[in-house]
Amino acid sequence: MHPAMRSLYELQQLDLYLEVLRQTLNKLDPGDHIKAEIQRQRAVLEQIKSEYDALHAEAVDQELQLRMIDEKLHEAEQELYSGRITNPKELAALQKDILLIKQRRSEMDVRVLEMWEKMETLRQRINESELRMNEIEQRYEAYQVEYHQRKAALETEIQFHEQQREELARQIDPEALQRYELLRQRLGGIAVALVVNKACDCCHTVLTPYLLKQLEHETELITCENCARLLYWKELDPPRNE
């Protein structure tokens, strides 16, 4: 068995672990789901505020009209009781106008009261929505802290294992390393297969006696006849001296 096979297998374990770390890093959610929730809540809040502002503007206009009606009513009543109008028809017409003004004022009073009640409800909804917005923003800030901590930890771990990989790769025969790299790219990241129970642990093909003998006695890179992966037989590899 080639003397670099143990190192190649260890290199593969590092590569597989690095791939897991990189995938985990890439899948980290920076808080987009909470950010989307903030945007939805902000849209709700803006809609309620828009309703409130429109109703408030209408209520202010209605109150202005009420003041104008009050002035008109005051003038009409002054005219009625001034004694200047003595014609019965004119008096009756004026009294009718006053009655109509009072009816209109009463209707507007009800309308303004309804608007202020609705505005109070909207104000409560605005307060509740702002509290909800504040809660989500605080949750987003806390999540950001956790996200950046997790991201930094993963990046540090990746950097550490990349350095380990570089050190290990430097110790491996260049030709064997190049063969490993080519196979890893071609075979989905798994270039080295363990020999387990005299079979390839990747494709589970039982190895021929001749191939097993090659592994035992030759110092070349031996590959599985079925999946073409480099074969590493741990039992043939003496333990390292610690």
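The values are calculated or read from the model by the stated rules, or taken from the named source; none is laboratory data. It should be emphasised that the depicted structure is a prediction, and the values quoted were computed from it without experimental measurement. Every residue, glycine among them, receives a Cβ derived from its backbone with ideal geometry; neighbour counts consider all protein chains shown. For the accessible areas, the whole protein counts, side chains as well, though only heavy atoms, and no ligand, DNA or RNA atoms are used. Shrake-Rupley method; radii C 1.70, N 1.55, O 1.52, S 1.80 Å.
Tally time: how many residues in the stretch 17-44 are surrounded by 12 or more Cβ atoms within 10 Å (Cβ to Cβ) and within 30 Å of Asp173 (Cα to Cα)? Talk me through it step by step, then tell me what you get.
We begin by selecting, within the stretch 17-44, every residue surrounded by 12 or more Cβ atoms within 10 Å (Cβ to Cβ); these are 17-18, 21-22, 24-25, 28, 30-31, 34-35, 37-38, 41-42, 44.
Filter once more, so that each one left must be within 30 Å of Asp173 (Cα to Cα): 17-18, 21-22.
The qualifying residues number 4.
I'd like to check something: does the stretch 94-109 contain any residue that is among the small types (Gly, Ala, Ser), part of a helix (DSSP H, G or I), at pLDDT 90 or above and farther than 29 Å from Gly31 by Cβ? If you could, list the steps in order and put the result at the bottom.
So the first thing to find is which residues in the stretch 94-109 are among the small types (Gly, Ala, Ser), and the list is 106.
Okay, now just the ones that are also part of a helix (DSSP H, G or I), so 106.
Filter once more, keeping what is at pLDDT 90 or above: 106.
If we keep only those that are farther than 29 Å from Gly31 by Cβ as well, we get 106.
Yes: the stretch 94-109 contains one or more residues that are among the small types (Gly, Ala, Ser), part of a helix (DSSP H, G or I), at pLDDT 90 or above and farther than 29 Å from Gly31 by Cβ.
Just to be sure I understand the filter: pairs with C-beta atoms under 7 Å, separated by 6 or more residues or on different chains, first member in the stretch 138-149 and in contact (Cβ under 8 Å) with a residue 24 or more places away in the chain, second member open to solvent by 60 Å² or more (accessible area, probe 1.4 Å). Which pairs pass?
Pairs found: Tyr140/Lys35.
Of the conditions (1) open to solvent by less than 80 Å² (accessible area, probe 1.4 Å); (2) more than 30 Å from Lys49 (Cα to Cα), Asp109 clears all except one; give me its number.
Tallying (1) open to solvent by less than 80 Å² (accessible area, probe 1.4 Å); (2) more than 30 Å from Lys49 (Cα to Cα), Asp109 fails exactly one: (2).
I need every pair where a residue in the stretch 44-69 that is in contact (Cβ under 8 Å) with a residue 60 or more places away in the chain and closer than 24 Å to Met133 by Cβ has its Cβ under 8 Å from the Cβ of a residue that is open to solvent by 60 Å² or more (accessible area, probe 1.4 Å) and in a helix (DSSP H, G or I), sequence separation at least 6 or different chains.
Going by the 8 Å Cβ cut-off, the qualifying pairs are Leu45/Glu130; Ile48/Arg125; Tyr52/Arg123; Leu55/Lys118.
All but one of (1) part of a loop (DSSP other than H, G, I, E, B); (2) of a type in the set (D, E, K, R); (3) surrounded by 14 or more Cβ atoms within 10 Å (Cβ to Cβ) hold for Lys72; which doesn't?
Here Lys72 meets the rest and fails (1).
When the stretch 182-235 is examined, which residues are found to be part of a helix (DSSP H, G or I), touching a helix residue (DSSP H, G or I) at 6+ places or on another chain (Cβ under 9 Å) and either at pLDDT 95 or above or surrounded by 14 or more Cβ atoms within 10 Å (Cβ to Cβ) (or both)?
Of everything in the stretch 182-235, those that are part of a helix (DSSP H, G or I), touching a helix residue (DSSP H, G or I) at 6+ places or on another chain (Cβ under 9 Å) and either at pLDDT 95 or above or surrounded by 14 or more Cβ atoms within 10 Å (Cβ to Cβ) (or both) turn out to be Arg184, Leu215.
Of these, Glu146, Glu166, which one is under 15 Å from Gln12 (Cα atoms), outside any strand (DSSP E or B) and modelled with pLDDT of 95 or more?
Glu166
Test Leu168 against the stated conditions and say whether it is open to solvent by 20 Å² or more (accessible area, probe 1.4 Å) and under 14 Å from Ser7 (Cα atoms).
Against the criterion (open to solvent by 20 Å² or more (accessible area, probe 1.4 Å) and under 14 Å from Ser7 (Cα atoms)), Leu168 qualifies.
Limited to the stretch 76-92, what total is found for residues that are without any contact (Cβ under 8 Å) to a residue 24 or more places away in the chain, of a type outside the set (Val, Ile, Thr) and surrounded by 12 or more Cβ atoms within 10 Å (Cβ to Cβ)?
Summing the residues that are without any contact (Cβ under 8 Å) to a residue 24 or more places away in the chain, of a type outside the set (Val, Ile, Thr) and surrounded by 12 or more Cβ atoms within 10 Å (Cβ to Cβ) in the stretch 76-92 gives 5.
Kindly provide the set of residues from the stretch 128-165 that are of a type in the set (Ser, Thr, Tyr) and surrounded by 12 or more Cβ atoms within 10 Å (Cβ to Cβ), ordered by number. First the steps, then the outcome.
Taking the stretch 128-165 and keeping what is of a type in the set (Ser, Thr, Tyr), we get 129, 140, 143, 147, 156.
Result: Ser129, Tyr140, Tyr143, Tyr147.
If I go through the stretch 45-59 residue by residue, how many of them are more than 30 Å from Asp109 (Cβ to Cβ) and either open to solvent by less than 70 Å² (accessible area, probe 1.4 Å) or not in a helix (DSSP H, G or I) (or both)? Give the steps one after another, and end with the answer.
Pass one, the stretch 45-59, residues more than 30 Å from Asp109 (Cβ to Cβ): 45-46.
Next, only the ones that are either open to solvent by less than 70 Å² (accessible area, probe 1.4 Å) or not in a helix (DSSP H, G or I) (or both) stay: 45.
Selection size over the stretch 45-59: 1.
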